[in-house]
Structures are given as structure tokens and as C-alpha cells.
Amino acid sequence: MSRLEASVRKRLGSFALDLTLETDGCVAIAGPNGAGKSTALLTLLGIVRPDAGHVRLGGQPLYDDGVDVPTEERGIAYVPQDYALFPHLTASGNVEFALGCLRPAPARARRREEARALLDRLGVLACADRLPASLSGGERQRVALARALARQPRALLFDEPFAALDAGARGEVRLYLRARLAELGLPAVVVTHDRADVEALGAPVVVLEGGRVVQRGTLAELAARPATEYVARFCG
Amino acid sequence: MKRRWFALATGVLAAALVALLALPTLALFVTASPAAILAGFHHPIAAPALLLSLGTTLVSLAVVVTLGTPLAWWLAQARGRAARAVETLVALPVVIPPAVAGIALLLAFGRRGLLGPLLERLGWAISFTTTAVVLAQVFVSAPFYVQGATAAFRALDGNLFVVARSLGASPARAFFRVAMPLARPGLVAGAAMAWARALGEFGATLMFAGNLQGRTQTLPLAIYTALESDLHAAQALSVLLVAVAFALLLVLRARQGGAR
């Protein structure tokens, strides 16, 4: 089983991120706007370079003294808030793009076949030949997940995966993501500022405020003894 | 009453400018019979200038796109003060008068210019050659492409590249498979503007490359030369340039309309 371990410090102007994280399943990072949640994900991805610390995945150092594995070789799939589907490619084309990045890359016909199989597995085969602009929020999220899984990741990062959905779709998609993540058994980090997300995912929480971890634990533990006003309101 | 007066005044002023802009172009077409204009194309100056303009602008466009695309990509990504300085520098040729550009090119690449001794040792004379024509065109037209391409790259969602990288795409793959296709309308528009500017280049070419038929005499220079001997030939070449410019404008407008 792979385990994601990170301890990173990064100064960006007057803001400083200081985060320690260890997980082999799903963990949520919660916090108010500007707490550094998204920066934390970009640091794990290797887009933002930490000033100090380390990132390890399944025992392999991704960032450490003298080690800085480039983003494309980290094996960490990233799903941003708006899902960032490539707008010029169909749903299937988006998944095929990820398959085409594998080494060795499957042949074109094989990529097409595998993309359809993945879309089918996530229940969006009917969207295969449509462009992202014509998909609903829930469909986009599933296509984005199919694309992320196509790269055969060893860990997954989600930035506010439910924020772009309307309230009706949110509940269903939450449960759906939880089931998929449980099935995959990969380390996953889900950034959110919504308690209901954490609750639905059944994940432990790391609360970031002003770049620092103010509390960590299960939702029940946080609710029992909130360390800050924000945590109290979050559990509220 | 007051409102009507205002509407009338704006209408008249606006119409005056439209007339001022349209009248000279109209004059190009109506002051000579189509037969006379067609005959103008048979002037011995026309064919060589046409071929030279076509050849040099295609080469200069290739140079501008090849060198300008990486520069625009860098400018769109970079945040530092250096990038802003480079961006200003690149825009400079747009506001420099063409005659000044000609002198500047002469002082840089001419026989007695900055790089003159070096070029002479390499046995490469540039001024008053076709190479000088291309160089002048690159100098004046590159900013139009670089500015258009930079804006097109900047308009793209940065998350697309983060995602592409996280999916295992190298920076090069992310550029060619994601950035280039998405920025293409902006790149094409920038290239069209640059090409139009290169095609019309006159001042810098005249000073830096001279006016030698078949070697440096492009269409605008041929128009200038023909004006002294055969007005119809000058007019014919002018009509051709206007037609090309107008067609370009229509195509760009149609593309923009389609993208919306």
C-alpha cells in the first residue's frame, strides 16, 4: 500500500505555509479562503517548490535534499476546482490524452478503447464524443476523474471537487467519489471549506489557517474540542 | 431639442471621419478604368516587385513565428521585472518611425554598423540586399505577432497546464497539445497582422535595403518608383495591396465571429 508523507514549508510574500501530512487513504484539508489549501496541493504536485521539507510517496522521495521529481513523473493526479478539462478535446479525447502520456503509451486504437472503458466504468460513456462545454457539472467531474485514473496515479489530489456543482448534484457526487476512492485504496487529499464534504467522505481532517495546521483529527474529535473559532464554526 | 442637437453633431462628426477614411481608398478604384488598372500590371516593374514581396514576406513571417512563439510563451508565463522590460522592448518598433528603424538597422547591420566588422569577416554583406529587406520586415512586423500571441497564451487557463503536467505530459507536450491548439485563433490573427505590416513595409526598407529592382524593390517601393513614370502602374499595385489587406481583414473578422 502506498503512503503519502509530506512536510513542507514555503514562504510566499507575507504568507508562509507549514504543513505536515501523512496518509494512505483519503484525508481532507479544510480551512478558510487564503489559508494555503491550494498552495499545499501545488507543493505536493511539484508546481510550487517548497523552501524546506520533504514529500514522499510509497517510500520514494519526490522532494528532498537534492531530489525534485518533476510534476509529470510524480504519479500524482490533480483535479482542480473547475476540473480543467481540455476544452478542445472530447471527453474521450481528454482521457486519451492521459493515456498517451503513459510510458510506453498504448497505440491510438488501444487508447480509444481504454478511454471508453474508463468512461463506462465511471458511468459517463454516453458523453464520450461530447466536448466539455456541453457537459453538466457532475459529468465533467466524472470525466475528470476518468482522466486522472487513466494516468494510473499513485495518489490523487482534489481541489474543492464539489464547489462547481449545484446543490442537487453535490450529495450524489460526494457519495460517488467516496465509493471510488475506497475502491482505489490510494492516498487522496481533498481540499474543501465545507463540513458536509468531509462528513460525506468520512475522512480525517487537517485544518489550515494562515498557512499553519491548527488542528487535525476526525470530524467528531474536532467538534468535541475545537482549537480555534474557525474550527468551531466549521464543525458548527 | 438639446438631445436632437447632440445626435446631429455626433452623426456629422462621425460621418466626416468615415468619409475621410473611405474617400482615398475609393479614389484608388474609381479614378482609372478597370482596363487602365489592368494594363498597369504589365508595367515591367510590377512582376518582379510582386514576386519579391511575396517571397520576402513569407520568409520574414516564418522567422517571426518561429522566434516569436517561444518568446510570447515565455512572456505569458513570466512574472518578473525582466519580462516586463522585454515586453516593452519588443513593442518599441510599433511606435518607432519607419525611417528611424531604417537608420537603426543600418547602424546595427550596415557596413560601418555595430556588427559590420564581424559580418564583413564572415563575408556577409547585408545592407542593400534581399536579406536586408527581410530583416527590415522582421523588425517592424514581429511586435504585432508577439503581442497577439502573448495575449492569446495569457488568456488560457493556467490550470490546464498544471493538469496536463500532472497527467504525465512533459512541458513540451503540454505546449504542443494544449497551449498551441487553444491559442491558435490568436496566433493566426497575430500572424496575419504581422504579415500585413511586413507587406506594407516601406521606410525602413528604403533606407536599409535600398530600391533595387528584383533585389530589394518590394511592392510599396515599386509604387513609389512607378509614381514618377506611370501613375496607372502605381495605382494598379496599390489596388492589389488594398485588396489583399481588405481580404485579410474580412477573414480575421469572420474567424473572430466564429470563435465567439
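Values in this text are rule-based calculations from the coordinates and carry no lab data. Quantities reported herein were computed from a predicted structural model and do not represent experimental measurements. Neighbour counts are summed over all protein chains in view; Cβ atoms, including those assigned to glycine, are modelled from backbone coordinates with ideal geometry.
Suppose R0 equals 60 Å; then what is the FRET efficiency for B:A99 and A:E73 from their Cβ-Cβ distance, rounded to the nearest 0.05?
On the way: r = 54 Å, r/R0 = 0.90.
So the FRET efficiency works out to roughly 0.65.
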Count the DSSP beta bridges whose two residues both fall in the protein assembly as shown, then state the antiparallel fraction as a percent rounded to the nearest 5.
-> 60
A:D129-A:A182 FRET efficiency (beta carbon distance; Förster radius 25 Å; 0.05 resolution) | 0.25
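Can you give the FRET efficiency for B:T25 and B:E120, using 1/(1 + (r/R0)^6), R0 = 41 Å, r = Cβ-Cβ distance, to the nearest 0.05? Walk me through the numbers on the way to the answer.
Values: r = 45 Å, r/R0 = 1.09.
Calculated transfer efficiency: 0.35.
Determine the dipole magnitude for region B:38-259: charges of +1 sit on the beta-carbon of Lys and Arg, -1 on that of Asp and Glu, nothing else is charged, the reference point is the Cα centre, and the result goes in debye to the nearest 20.
Values: 15 positive and 6 negative charges, 176 e Å.
It works out to roughly 840 debye.
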Under the Karplus relation 6.51 cos²θ - 1.76 cosθ + 1.60, θ = phi - 60°, what is the ordered set of whole-Hz ³J(HN,Hα) values for region B:37-54, x standing for Gly and Pro?
-> 5, 4, 4, x, 5, 7, 4, x, 6, 5, 4, x, 5, 4, 4, 5, 4, 4
Once normalised by the length of chain B, the mean sequence separation of its alpha carbon contacts under 8 Å that are 6 or more apart gives a contact order in percent of 30
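In terms of the ratio Rg/(2.2 N^0.38 Å) built on C-alpha atoms, what value belongs to region A:88-152? Let's see the in-between values first.
Working: Rg = 10.6 Å, N = 65, 2.2 N^0.38 = 10.7 Å.
Normalised by 2.2 N^0.38 Å, the Cα Rg of region A:88-152 equals 0.99.
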Sequence-distant residues sharing a close amide H with A:L157 (under 5 Å, placed H) | A:A77, A:Y78, A:V79, A:V189
Under the 7 Å Cα-to-Cβ spin-label approximation, B:A243 and B:L156 lie apart by a distance in nanometres of 3.8
A:R103 versus A:A16: modelled label distance in nm, points set 7 Å from Cα along the beta carbon direction = 3.8
Place +1 on the Cβ of every Lys and Arg and -1 on the Cβ of every Asp and Glu in the protein assembly as shown, take the dipole about the Cα centre, and give the residue among B:L227, B:L8, A:A150 whose Cα lies farthest towards its positive end.
-> B:L8
Euclidean distance between Cα centres, region B:12-80 to region B:194-246, Å | 9
What does the average come to when, for each residue of peptide B:155-163, you count the partner chain Cβ atoms lying within 10 Å of its Cβ?
-> 6
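Counting only other chains, and only Cβ atoms inside 10 Å, what mean value do you get across the residues of A:99-106? Let's see the in-between values first.
On the way: counts 2, 5, 10, 2, 1, 0, 1, 0.
So the per-residue partner count for this stretch is 3.
Pairs of Cα atoms under 8 Å, at least six residues apart: use those to get the relative contact order of region A:7-61, whole percent.
Working: 49 pairs, mean separation 23.0, N = 55.
Worked out over region A:7-61, it gives 42 percent.
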For region A:157-236, give the share of DSSP beta bridges that are antiparallel, in percent and rounded to the nearest 5; count only bridges with both residues there.
-> 60
Compute the label zone of A:A232 within region A:197-225: residues whose backbone N is under 12 Å from the point 7 Å along Cα-to-Cβ.
-> A:225
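According to the square roots a ≥ b ≥ c of the eigenvalues of the Cα gyration tensor, what is the shape class of region A:60-169, taking rounded for a/c under 1.5, prolate for a/b larger than b/c otherwise, and oblate for the remainder?
On the way: a/c = 2.42, a/b = 1.30, b/c = 1.86.
Cα axes put region A:60-169 in the oblate bin.
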Can you give the Kirkwood hydrodynamic radius of chain A from its Cα pairs, in Å with one decimal?
-> 18.3
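Per DSSP H run of n ≥ 4, the term is -39500 (n - 2.57); total these for chain B, divide by its residue number, and report the mean residue ellipticity at 222 nm rounded to 500 deg cm²/dmol. Don't jump to the answer; show the numbers that get you there.
Numbers: 13 runs with 205 residues, N = 260.
Value at 222 nm, helices only, nearest 500: -26000 deg cm²/dmol.
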Net charge dipole size for region A:88-152 [Lys, Arg +1 and Asp, Glu -1 on Cβ; Debye, nearest 20] | 180
Would you work out which of B:L92, A:L122, A:V213 lies farthest towards the positive end of the dipole of the protein assembly as shown, given +1 charges on the beta-carbon of Lys and Arg and -1 on that of Asp and Glu, about the Cα centre?
-> B:L92
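Just tell me how shielded B:181-193 is by partners: mean number of partner chain Cβ atoms within 10 Å of each residue's Cβ, no decimals.
Details: counts 4, 3, 0, 1, 0, 0, 0, 0, 0, 0, 0, 0, 0.
Mean partner-chain Cβ count within 10 Å for B:181-193: 1.
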Coordinate range along principal axes, alpha carbons of region A:1-84, Å, largest first = 32, 28, 23
What share of all Cα pairs of region B:122-232, in percent, falls into each consecutive 10 Å distance bin?
-> 14, 29, 22, 18, 12, 4, 1
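Relative to the Cα centre, what is the charge dipole magnitude of chain A, using +1 at the beta carbon of each Lys and Arg, -1 at the beta carbon of each Asp and Glu, and rounding to the nearest 20 debye? Please list the in-between numbers first.
Numbers: 30 positive and 28 negative charges, 78 e Å.
Here the size comes out at about 380 debye.
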Spin-label zone in region B:90-113 - amide nitrogen under 17 Å from a point set 7 Å from the Cα of B:L67 along the C-beta vector = B:90-94, B:101-110
For A:D166 and B:A254, extending 7 Å from Cα along the Cα-Cβ vector and measuring point to point gives, in nm, a value of 3.9
Rounded, prolate or oblate: which fits chain B, taking a ≥ b ≥ c as square roots of the Cα gyration tensor eigenvalues, rounded meaning a/c under 1.5, else prolate when a/b beats b/c?
-> oblate
